[in-house]
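What follows is a short report on a single structure.
The values are calculated or read from the model by the stated rules, or taken from the named source; none is laboratory data. Source: prediction; values computed, not measured. All Cβ positions, even for glycine, are placed from backbone atoms using ideal geometry, and neighbour counts span all protein chains on display. The area values use the complete protein model at the heavy-atom level, side chains included, leaving out ligands, DNA and RNA. Shrake-Rupley method; radii C 1.70, N 1.55, O 1.52, S 1.80 Å.
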Amino acid sequence: MSTTKLWGGRFAGKTHPLMEEFGRSLQSDQRLLFCDLQVCRAHLQMLSECGAVKPEVSERLVNTIDQLVAELNRGAVQVSGDHEDIHSWVEAELRQRAGDEASLIRLGRSRNDLVVTDFRLWTRQAVQRLREAVRGLQAVLLQRAEEQAGVYLPGYTHLQRAQPVTLSHHLLAHFWSLQRDHQRLEQCAQSADCCPLGAGALAGSSWDIQPQRTAELLGFSRCFDNSLDAVSDRDFAVELLSALSLCMIHLSRMSEELILWSAPEFGFATFDDAWSTGSSLMPQKKNPDPAELIRGRSGRVIGHLQSLLVTLKGLPLAYNRDLQEDKPPVFEAVEMTEKCLLVMTGVMASLRFEAAQMARACEDPGLLATDLADHLVRAGHPFSMAHELAGKWVAGRLDQAELALVRPLAEQLSAESVLMARRHPGAAGPESVQIQLDKARRSLQ
Ligand code: ARG
């Protein structure tokens with residue numbers, strides 16, 4: 001297909017080839033292809049309804065679009081050529097099929113409102129896929145938490161053994177962080193749910209168009225209040241990158257833990273062969289690569305948030321070409337986060353928990369020290385003294401009289417008894433975890 005610019009008229013001279021290449025975004029923004037066609041279709045329909053385009057012309061062009069969509073779907077046509085961006089490719093393709101009449105799709109709109117309309121539609125679809133991926137990982141965490149009832153391990157603070165926790169409780173902690181990610185993504189979908197089409201280049205259109213109608217045809221629940229804001233606003237993209245950054249931080253922290261747990265020094269978990277890799281030199285190695293890659297990619301997603309914020313920072317109203325740089329970070333962050341969620345789901349579903357090793361690590365008497373202090377308080381001692389005695393007990397520094405006081409209480413304690421005593425809502429004990437599991441299950445319905 002021949003390459004036609006959408007803006008040749010004013011220019012007598014030719015664009016420098018390096019400038020052509022420098023400005024081209026087709027490689028990246030072809031992801032917007034189907035959204036762009038959907039927007040063109042809705043726009044034509046609205047133009048015909050408000051009398052700006054004859055109904056028979058609009059119908060012909062809509063049919064041409066539908067045919068193009070069908071051909072794209074069965075792979076009979078592909079995006080190619082040296083077009084500036086996907087909007088230029090679409091128009092060139094429609095013109096080739098329907099003649100110059102096709103350029104009517106440009107009436108009453110500009111690429112400035114078009115590109116952000118496409119981008120918002122794309123974002124809404126992406127958020128839907130991401131939410132499903134989050135749900136997939138939550139479902140696996142919940143299932144593993146249900147099947148691991150009765151398993152306990154040391155909980156850590158400062159990466160030092162602190163108090164025993166049930167494995168189910170630990171896994172559910174990650175479930176709830178993902179629950180917040182899911183909610184944040186819902187909020188992102190709402191922010192993207194506003195149609196800017198009709199804002200034109202910056203000031204709206206002299207045609208009597210109905211932006212509300214285009215919004216409705218595209219399934220948006222709102223349309224813009226101010227044309228300048230409509231073409232400038234990228235808050236929805238920043239919000240999405242921020243939500244994705246947090247989600248990646250959650251995945252990265254989960255990864256860090258799995259990396260530690262799978263090291264022989266901990267020995268709490270073993271990666272399935274399907275989700276680990278070896279070393280080209282050291283035959284004995286089995287490395288937790290998926291977790292390390294997720295931890296690594298979280299840095300890139302966070303970088304994309306930074307990149308968009310800095311791009312936006314100095315921009316005056318309204319459209320500035322800098323805004324072309326808004327999409328690659330979002331595309332990459334979305335694709336990366338979705339992949340990381342799927343990989344973590346595979347890892348978690350197949351991970352072997354080493355319950356015996358976890359129980360062995362719980363034999364550390366230090367894990368019982370807090371509860372020993374609690375028992376001393378119950379026996380009538382002030383908390384400060386109870387804390388001191390329990391500390392000395394752990395360090396083996398009690399004298400005979402103190403030992404006589406503390407030992408009978410200490411002998412009653414075990415990781416199990418300490419866990420059974422944690423019964424209040426939200427605590428790590430098995431009884432309250434049962435309630436938590438029910439709540440988690442309901443939140444997935
Ligand atoms: N490729 C451009 C972008 O992604 C589309 C809008 C171009 N508008 C313009 N006036 N050059 O932002």
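Looking at Gly396, Gly366, Gly391, which is the one that is at positive phi, of a type outside the set (Asp, Glu) and modelled with pLDDT of 95 or more? Step through it out loud before you land on a result.
On the way: Gly366 fails: at positive phi; Gly391 fails: at positive phi.
It is Gly396.
Just to be sure I understand, how many residues within region 239-277 are among the hydroxyl-bearing types (Ser, Thr, Tyr) and farther than 11 Å from Leu351 by Cα? First the steps, then the outcome.
So in region 239-277, the residues among the hydroxyl-bearing types (Ser, Thr, Tyr) come out as 242, 245, 252, 255, 262, 270, 276-277.
From what is left, the residues that are farther than 11 Å from Leu351 by Cα are 242, 245, 252, 255, 277.
Qualifying residue count for the region: 5.
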Given the structure, is His43 within 17 Å of Leu6 (Cα to Cα) and within 16 Å of the ligand (Cβ to nearest atom)? no
Which of the residues that make up region 305-358 are within 16 Å of the ligand (Cβ to nearest atom) and under 18 Å from the mean Cα position of the chain (by Cα)? Ser307, Leu308, Asp326, Lys327, Pro328, Pro329, Val330, Phe331, Glu332
For region 225-269, name all the residues that are open to solvent by 40 Å² or more (accessible area, probe 1.4 Å) and of a type outside the set (D, E, K, R). Asn226, Leu228, Ser242, Leu246, Ile249, Leu260, Pro264
Residues of region 69-101 being within 18 Å of Gly200 (Cα to Cα) and either of a type in the set (Ser, Thr, Tyr) or more than 16 Å from the ligand (Cβ to nearest atom) (or both), in sequence order, are Ser88
Hits in region 120-169 - residues which are of a type in the set (Ser, Thr, Tyr), in a strand (DSSP E or B) and touching an Asp or Glu at 6+ places or on another chain (Cβ under 8 Å): Tyr152
Select, from Ala162, Ala173, the only residue that is free of Cβ contacts under 8 Å to residues at least 12 places away in the same chain, aliphatic (A, V, I, L, M) and surrounded by 15 or more Cβ atoms within 10 Å (Cβ to Cβ). Ala173
Qualifying positions in region 186-210 - in contact (Cβ under 8 Å) with a residue 60 or more places away in the chain and either surrounded by fewer than 15 Cβ atoms within 10 Å (Cβ to Cβ) or away from the ligand (no atom under 16 Å from the Cβ) (or both): Cys188, Ala189, Ala192, Asp193, Cys194, Cys195, Trp207, Asp208, Ile209, Gln210
Do we find a residue being loosely packed, with under 12 Cβ neighbours inside 10 Å and among the aliphatic types (A, V, I, L, M) anywhere in region 91-113? no
Quick test of your reading of the structure: Gly51 fulfils all but one of (1) surrounded by fewer than 16 Cβ atoms within 10 Å (Cβ to Cβ); (2) farther than 22 Å from Pro196 by Cα; (3) away from the ligand (no atom under 16 Å from the Cβ). Name the failing condition by number. (2)
Taking Thr117, is it assigned to a helix (DSSP H, G or I), within 30 Å of Leu172 (Cα to Cα) and open to solvent by less than 40 Å² (accessible area, probe 1.4 Å)? no
